Amino acid sequence: MNGKVFAQPVRTVLFDLDGTLVDSAPDLAGATNDMLAARGLPAVPFERLRPMVGAGARGMMGVAFGVTPQEAAFAELRTEFFDRYEARLLQATQPFEGVAELLAGLTAAGLSWGIVTNKIERFALPLARGMGWEGVAAAVIGGDTTGHAKPHPAPLLEAARRSGVAPEHCVYVGDDARDIQAGKAAGMPTVAVRWGYLGQGEPIEAWGADAIFDRPSQLLDWLSERRC
C-alpha cells in the first residue's frame, strides 16, 4: 500500500517489539502451555495463542484459563506466567525474516531507530540485549517506563526525546491497532505491518495507518522514497 508523503523529514523510526521486530509467540505460548502441563491440562494449540500475544498475560491467561484481570485468580496466574516466560525469554524468539536487513538499511541511510513496546522493562530490556540491539537502538521504552502504556502517546514521546528527535520527525511502526492510535496521538506518521499478530479486533485496513506493508523490505523502500 502506498502511503502519503511526509509533512516533515524522517529522522527516526520507532518500532513495536513483539509482532513487529521479533516473533516472540513461541516463547509466550510455550510459557502458557507449561502452566497448563503443570496442572495436567491439555495444551492450547499455538494457532489460538498467537493472535493474543499483543494482549500479553491478559490474552494468554484468558485463552488458557478463561480468567480475566478482574478475577481474583488472575494476579497469581500472571505472576507464574511472568516467571515461566522469563525463564524461556530467548529460547525460540527470533527477529522476523527481513528485520535484520531493515535495521541495517536504516542505519546505512542515516536514520536512527528505537523500540517502544508494552512489554515491561523486565522483559523488554533483556530481549533487546539478547537480539544484539542494546546500544544500537536509540531508545528502548517498555510499558512501565513512563507509567503509561500504548495507546497512550507518552512512551512514544519519551522514545523521541531519548532519540533527540522531535516527534514529527519520527515514524511509528506496529502490528496492533493500539500502535496506530499511539502514533497518531504522538503526532507521528504510522505504519501497520501484516506480518505481525494483528489481534482480534478490526481488520488492519480499518486502523487508519498511513501505510500497510507485508514485508520489512517494503517499509525500507517506502522510507527511502519519502525522505526529504
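Taking all C-alpha pairs of segment 64-202, those more than 18 Å from each other amount to 62 percent. Sorted ascending by nearby beta carbons within 10 Å, beginning with the fewest, Lys184, Lys150 become Lys184, Lys150.
Using only side-chain charges placed at the Cβ, +1 for Lys and Arg and -1 for Asp and Glu, the dipole size of segment 25-87 relative to its Cα centre rounds to 200 debye. Looking at the chain, which longest stretch skips every one of the GluC sites (Glu not before Pro) that is in a DSSP loop with at most 16 other Cβ atoms within 10 Å, leaving the sites themselves out? Answer from the scan: 135-228.
Considering helices alone, the calculated mean residue ellipticity of the chain at 222 nm is -12000 deg cm²/dmol, with DSSP H runs of length four and up weighted by -39500 (n - 2.57) and normalised per residue.
Listed values for segment 67-74 are Karplus-derived 3J(HN,Hα) couplings in whole Hz (6.51 cos²θ - 1.76 cosθ + 1.60, θ = phi - 60°), namely 10, 9, x, 7, 8, 4, 6, 5, and x replaces Gly and Pro.
Anisotropy class assigned to segment 25-87 is rounded, per the alpha carbon gyration tensor with a/c under the 1.5 cut-off. Between Ala37 and Thr68, the distance separating the two model label sites (each 7 Å from Cα on the Cα→Cβ line) works out to 3.1 nm. Across segment 7-14, rounded Karplus estimates of 3J(HN,Hα) from the backbone phi angles (6.51 cos²θ - 1.76 cosθ + 1.60, θ = phi - 60°) give 6, 10, x, 7, 10, 9, 10, 9 Hz, Gly and Pro being marked x. Taking Lys and Arg as +1 and Asp and Glu as -1, the other residues whose beta-carbon sits under 10 Å from that of Ala209 total -2.
Values quoted throughout were computed directly from the atomic coordinates according to the rules given, and no laboratory measurement underlies them. Computed from a predicted structure; not experimentally measured. Note that we place each Cβ from the backbone using ideal geometry, even for glycine, and neighbour counts take in every protein chain shown.
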